[in-house]
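The values are calculated or read from the model by the stated rules, or taken from the named source; none is laboratory data. No experiment lies behind these values; they were computed from the predicted model shown. With ideal geometry, Cβ positions are generated from the backbone for all residues, glycine too; neighbour counts draw on all protein chains shown. Remember, those area values only see protein heavy atoms, side chains included, never the ligands or the DNA or RNA. Shrake-Rupley method; radii C 1.70, N 1.55, O 1.52, S 1.80 Å.
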Amino acid sequence: MVVFRPPRTADTLPAQATGVSVPSVQLGLTLGYWGRAMPDGLVELATAAERAGFDAAWTGESWGSDAFSPLVLIAAATERIRLGTGVAQIAARTPTATAMHAVTLDHISGGRAILGLGVSGPQVVEGWYGRPSARPLARTREYVEVLRRVFERADHLTFEGDHFQHPYSGEGAEGLGKPLKIMTHPLRPIPIWIGAEGPRNVAQTVEIADGWLPLYYSPLRPEVYASQLSGAPNGFEIAVHTTLQVCDSDGIAEALWPVRASLGFYIGGMGAEGQNYHTQLMARMGYEEAAYKVQRLFLEGLRDEAIAAVPQEFADEISLVGPAARIRDRLQAWKDSPVTMLNVAARSEQECRQAVELVKG
């Protein structure tokens, strides 16, 4: 039976919820989105991660399961870990609908929600959601501004933007829209993190958001985002999804194969040619020739060849794979970077405890 706990008052919210600085480096549990059905043991895994010492759990969405609903289940079974959407897609909901989801989750969890947002690419935005994908930066900026106003609850919502209007006054409007104020009082201004890849998008994220969710980040190449992050305010958080797997030295190549497979899929096929942000990012990270080769092979239907074309050294530098001593040694670069949280896909309590021992021990 799911038991919902009453919301906490401001003086009992977690430190992260009240703006108090948190130690580095934190650990997040990557749960992602579902495939054909709800994965077994989802809630049990999240509670095991909390017991082990993880700091957050993250869900996602593509064109299947949504990012918010699983976090409600996890909220009911946990006490401490933050609950993040990594990411909720902007095109999926109006900003006010997203605000309602976030405020509801924050109340249910007692002030532990992180609202992670992302624009996705034209294939998903226009193909699945049936929405225009042009001008993603402007759309994101307006979206976040509406969210901030809802969370602040200072006045009835009015907003006149190019992409969002409250009340709506565009084509088909009857002129009867009324400025409203969210009935459920937010516990706090819910932190907004943004999944961003392009230089301009990352720079805007630093300006308007509370945290950044990069898809790929290499602590060995701080120059890739150094200028965009130079103006980050105190308390700005960065959570990177990475692979953490302990194996012997002879097993590193095998352990990196799933990483290369994921890279091949995203860099090769998650976006149209010329509009794939993942391909462009890999190119900026020093692997331009390989990035466009992977994309070309994938779009030609040669998926195995595309994965094989992903350089192992690229997969390795964005991952933590190998013997425990190698992982600990390579962790230092992450701890010296601006990254504040490493999100890993542990799949058992033992793996959760191992991750905590390596990263926080």
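A cut-off under 13 angstrom between Cβ atoms defines the neighbours of PRO233, and their net charge, with Lys, Arg +1 and Asp, Glu -1, is -3. Under a model in which nothing but the beta-carbon of Lys, Arg (+1) and Asp, Glu (-1) is charged, segment 231-340 shows a dipole of about 240 debye around its Cα centre.
Average accessible surface for segment 280-339: 48 Å² per residue, computed with a 1.4 Å probe over protein heavy atoms with every protein chain in place.
Ignoring ligands, DNA and RNA, what percent of the 1.4 Å accessible area of the chain is carbon and sulfur? So the carbon and sulfur contribution to the accessible surface is 53 percent. Only helices enter the 222 nm calculation for the chain: every DSSP H run of n ≥ 4 contributes -39,500 (n - 2.57), and dividing by all residues gives -12000 deg cm²/dmol, rounded to 500. Only one residue of PHE54, VAL339, TYR216 has its Cα farthest out toward the positive end of the dipole of the chain, where Lys and Arg carry +1 and Asp and Glu -1 on Cβ, and that residue is PHE54.
The residue among TYR277, TYR266, GLY322 whose Cα reaches farthest toward the positive pole of the charge dipole of segment 260-328, with charges on the beta-carbon of Lys, Arg, Asp and Glu, is GLY322. Rounded to the nearest 20 debye, the dipole magnitude of the chain is 780 debye, with +1 charges on Lys and Arg beta carbons, -1 on Asp and Glu beta carbons, and the Cα centre as origin. Using C-alpha pairs below 8 Å separated by at least 6 residues, the relative contact order for the chain is 19 percent.
Sites listed here are chymotrypsin sites (Phe, Trp or Tyr not before Pro) in segment 118-209 whose DSSP assignment is loop and whose Cβ has at most 15 other Cβ atoms within 10 Å: TRP128, TYR168. For PHE164, no residue 5 or more places off, or on another chain, has a built amide H under 5 Å of its own.
When only the Cβ of Lys, Arg, Asp and Glu is charged (+1, +1, -1, -1), the dipole of segment 275-329 relative to its Cα centre reaches about 140 debye.
Computed on protein heavy atoms with a 1.4 Å probe, the accessible areas place TYR277, TYR216 in the order TYR277, TYR216, largest first. Tally Lys and Arg at +1 and Asp and Glu at -1 over the other residues with C-beta under 13 Å from the C-beta of ILE114: what net charge comes out? Net charge in that neighbourhood comes out at -1.
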